[in-house]
Amino acid sequence: MSADSDNAVIPPLVPRADFPLLARSDAAGAPIVYLDSAASAQKPRVVLDRQRDFYETGYANIHRGVYPLSDSATEAYEGARAVVADFLGAQPREIVFTRSATEAINLVANSYAVPFLQPGDEIIVSLLEHHANFVPWQAIAQRHGFVLRVAPITAEGDLDLAALRQMITPRCRLLCLTAASNTLGTITPLGEIIPWAHEVGARVLVDAAQAAPHGLIDLPAWDCDFLVFTGHKLYGPDGIGVLYGRAELLDAMPPWQFGGDMIRSVRIDRTEFAEAPQKFEAGTPPIGAAIGLGTAIEFLRGLAPGAIREHDARLLDHATAQLGDIPGLTLIGRPKSRVGILSFTLQGVHPHDAGSLLGSEGICVRTGFHCAQPLMDHLDLAGTVRASFGLYTGSGDIDRLAAALVKVRQILG
């Protein structure tokens with residue numbers, strides 16, 4: 001392995017001690033190496049404490065109560081919405097709480113695309129998309145006569161901008177792109193691409209689930225029409241997602257799910273719906289999760305986005321050097337710019353077998369298609385091993401991964 005990489009010591013950006021689960025050890029007494037943050041990030045103590053405090057001392061259902069406990073819970077829930085809006089640079093009424101980024105995308109598919117697109121209209125996605133930003137568009141295209149087009153990527157794993165530019169014609173009504181790939185880590189140059197769509201009158205949805213934890217969200221610069229992200233990747237709770245939509249679009253969109261707390265009045269023959277965002281939040285929402293998400297965002301905003309990106313870059317350099325020296329290991333994709341995600345294969349070793357052996361060494365990675373099977377088909381891969389970094393990742397985690405991979409090669413290769 002590289003002498004330079006051996007000598008590089010990169011500490012976590014946030015102390016591991018701030019994340020209670022990472023205080024645990026594996027069966028051999030070594031600290032857990034958590035390299036699966038792209039699937040779900042670990043939770044800092046401040047988020048866990050805030051949720052515990054809410055459930056122990058402040059829990060009640062919201063909006064409909066007329067007693068102080070319900071009033072304070074409503075205030076906390078709507079306060080979390082204000083935190084999200086400030087984080088994005090949006091208005092609170094442009095923030096819809098959902099149960100996941102996936103649900104947020106499905107909401108746009110059903111409440112915007114289905115009512116406002118016509119048969120023959122084109123929806124463009126890319127090969128870099130997570131299934132959550134692919135399958136909903138495929139499904140509604142097949143049901144309603146829309147045309148789904150898939151933008152290609154380069155051999156390095158970047159979005160093919162020249163090809164995409166040619167695809168964005170007046171027939172395109174909706175462009176749906178990830179800000180950062182969950183498989184290759186590729187950062188999409190949205191500031192360059194989004195104006196192309198707006199020039200032809202298309203709307204743009206950005207999947208920022210991977211971008212948000214890496215300090216990449218820039219709604220004012222992107223000027224997109226819709227944006228989604230999820231709490232569990234952003235050091236917050238699971239069961240909570242966010243949809244940002246331009247106010248005028250949310251106002252025009254019909255609700256998708258129906259039930260309590262999204263209505264103004266109900267009669268036998270008609271129902272009047274509440275205004276956005278409440279008309280999109282049917283039923284009892286994930287109150288505690290929304291409050292936890294607000295705390296997670298405040299925690300993350302204690303760090304400069306540039307510091308997060310610099311930490312990513314240093315870890316990627318270190319990991320590329322360490323893993324690149326392992327015989328039979330192939331890194332998948334070399335995009336111009338990426339977040340802290342590396343996918344790789346080991347010659348003669350199935351990714352699942354590698355992941356299982358790494359797990360026995362206390363090293364947590366993800367294996368398989370990573371919910372990106374069209375990309376894997378394009379790359380002619382049966383899956384990869386994916387290591388993804390978080391605020392608590394340091395060079396020591398990568399060194400343990402590299403050493404364990406050498407053992408995996410010796411056992412299975």
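The values are calculated or read from the model by the stated rules, or taken from the named source; none is laboratory data. Everything quoted here is computed from the prediction, not taken from an experiment. Please note: Cβ atoms are built from the backbone with ideal geometry, for glycine as well, and neighbour counts cover all protein chains shown.
Taken over segment 7-31, the criterion of being acidic (Asp, Glu) and either at pLDDT 85 or above or assigned by TED's automatic domain parsing to the domain that holds residue 236 (or both) is satisfied by 18 alone.
Identification of helices (runs of 4 or more DSSP H) wholly contained in segment 233-325 with 1 or more residues that are of a type in the set (A, V, I, L, M, F, W, C) and closer than 23 Å to residue 104 by Cα yields 247-252, 287-300. Does residue 116 qualify as being buried (at least 20 other Cβ atoms within 10 Å of the Cβ) and of a type in the set (Phe, Trp, Tyr)? The answer is no for residue 116. Of all the residues in segment 206-221, those that are in contact with a strand residue (DSSP E or B) (Cβ under 7 Å, 6 or more places away or on another chain), in a helix (DSSP H, G or I) and either assigned by TED's automatic domain parsing to the domain that holds residue 391 or crowded, with 22+ Cβ neighbours inside 10 Å (or both) number 2. You will find that of 67, 59, 34, 55, the residue that is over 29 Å from the mean Cα position of the chain (by Cα) and at pLDDT 95 or above is 67 and no other.
Kindly check whether there is at least one residue in segment 131-138 that is touching a His at 6+ places or on another chain (Cβ under 7 Å), within 23 Å of residue 276 (Cα to Cα) and at pLDDT 95 or above. No, because not a single residue in segment 131-138 is touching a His at 6+ places or on another chain (Cβ under 7 Å), within 23 Å of residue 276 (Cα to Cα) and at pLDDT 95 or above. Scanning segment 143-165 for residues that are part of a helix (DSSP H, G or I), over 17 Å from residue 374 (Cβ atoms) and in contact (Cβ under 8 Å) with a residue 40 or more places away in the chain turns up nothing.
Just a yes or no: is a residue in segment 367-375 modelled with pLDDT under 95 and not hydroxyl-bearing (Ser, Thr, Tyr)? No, there is no match, as no residue in segment 367-375 is modelled with pLDDT under 95 and not hydroxyl-bearing (Ser, Thr, Tyr). Scanning segment 305-347 for residues that are at positive phi and crowded, with 16+ Cβ neighbours inside 10 Å returns a single hit, 333. Among the listed residues 342, 316, 346, 381, identify the single one that is touching a Gly at 6+ places or on another chain (Cβ under 9 Å), touching a residue at least 24 places away in the same chain (Cβ under 8 Å) and closer than 18 Å to residue 412 by Cβ. Sole residue among the options that is touching a Gly at 6+ places or on another chain (Cβ under 9 Å), touching a residue at least 24 places away in the same chain (Cβ under 8 Å) and closer than 18 Å to residue 412 by Cβ: 346.
All of (1) surrounded by fewer than 19 Cβ atoms within 10 Å (Cβ to Cβ); (2) part of a helix (DSSP H, G or I) hold for residue 140 with one exception: (1).
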